[in-house]
């Protein structure tokens, strides 16, 4: 069992529920690289250097905010620490909204929430099931490690899922990126074909169905490189391109072909299942 990232209480009016919060994601699945000095095989280290001065002592480094080009306001560590918010160890739910009202753009990091002890379970379950029945998401603000976050709270299996949200000023409005898209009505037949293709590919979400092919390929490359004892290893890319460059795509023909190939793949899959059950 991992250590709790945060311990405190969720408060709803006069009700307080002791809880523990755990990080819901992990970074170990990704591959990270170090920069290496090839002749010696030693990892590269970074020096703190000031232009025109050279290497500097860490004790002489301060944090600065650039108010104009080349002009900084310098801040002492204790000055920054003085404005860090004290964690009140309390998440007060101050508002409830329907889940669809929060744009996916605002969601940042997820955390699992569990009751801190057996005594907290009853109140915890009441809150969880009330959120589930009303299909609402609770909102509040929570101080974590010196910074205050807007957070959402929703049911997640037998527990709750807390997600930190971005503030409004952290999100770019999309309209400016979409201004040049023409207001056109799509052809009905094309729309029907696209809808048919979507229906045929509709299935319950299962994250396990998707693999990080880039990481898998890197792992294979690293193993081949190890076996090749440092020799260059270049893998051929056998994937077919999506069409010749410069050709105009016949959208109708492409959609019809896609729908037809989906029918064929489903028929093959059904035959395969019949053979296995026989």
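The values are calculated or read from the model by the stated rules, or taken from the named source; none is laboratory data. These numbers come from a predicted model, not from an experiment. Neighbour counts run over all protein chains shown; Cβ positions are idealised from the backbone, glycine included.
At a glance:
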{"quantity": "Sole residue being more than 22 Å from the chain's Cα centre (by Cα), at negative phi and touching a residue at least 40 places away in the same chain (Cβ under 8 Å), chosen from 191, 197, 142", "calculated": "197"}
{"quantity": "Lone unmet requirement of (1) under 30 Å from residue 113 (Cα atoms); (2) exposed (fewer than 10 other Cβ atoms within 10 Å of the Cβ); (3) modelled with pLDDT under 90 for residue 157", "calculated": "(3)"}
{"quantity": "Qualifying residues in region 160-199 (those that are touching a helix residue (DSSP H, G or I) at 6+ places or on another chain (Cβ under 8 Å) and surrounded by 15 or more Cβ atoms within 10 Å (Cβ to Cβ)) - the one farthest from residue 130 (Cα to Cα)", "calculated": "193"}
{"quantity": "Residue in region 139-157 that is outside the structural domain of residue 261 (by TED's automatic domain parsing) and more than 23 Å from residue 90 (Cβ to Cβ) present", "calculated": "yes"}
{"quantity": "Any strands (runs of 3 or more DSSP E) falling wholly within region 26-118 and containing at least 2 residues that are modelled with pLDDT of 95 or more and within 22 Å of residue 167 (Cα to Cα)", "calculated": "95-98, 107-115"}
{"quantity": "Residue match in region 154-171 (condition: out of contact with any strand residue (DSSP E or B) (no Cβ under 8 Å at 6 or more places or on another chain) and closer than 30 Å to residue 256 by Cα)", "calculated": "no"}
{"quantity": "Output for region 222-259, where each listed residue is surrounded by 10 or more Cβ atoms within 10 Å (Cβ to Cβ), over 30 Å from residue 32 (Cβ atoms) and either modelled with pLDDT of 65 or more or more than 33 Å from the chain's Cα centre (by Cα) (or both)", "calculated": "250, 251, 252, 254, 255, 256, 257, 258, 259"}
{"quantity": "Unique match (being in contact (Cβ under 8 Å) with a residue 24 or more places away in the chain and over 20 Å from residue 137 (Cα atoms)) among 88, 69, 48", "calculated": "88"}
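Quick grid of which residues meet (1) within 23 Å of the chain's Cα centre (by Cα); (2) more than 12 Å from residue 153 (Cα to Cα); (3) assigned by TED's automatic domain parsing to the domain that holds residue 11:
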position: 64; (1), (2), (3): no, yes, no
position: 70; (1), (2), (3): no, yes, no
position: 77; (1), (2), (3): no, yes, no
position: 97; (1), (2), (3): yes, no, yes
position: 110; (1), (2), (3): yes, no, yes
position: 117; (1), (2), (3): no, yes, yes
position: 121; (1), (2), (3): no, yes, yes
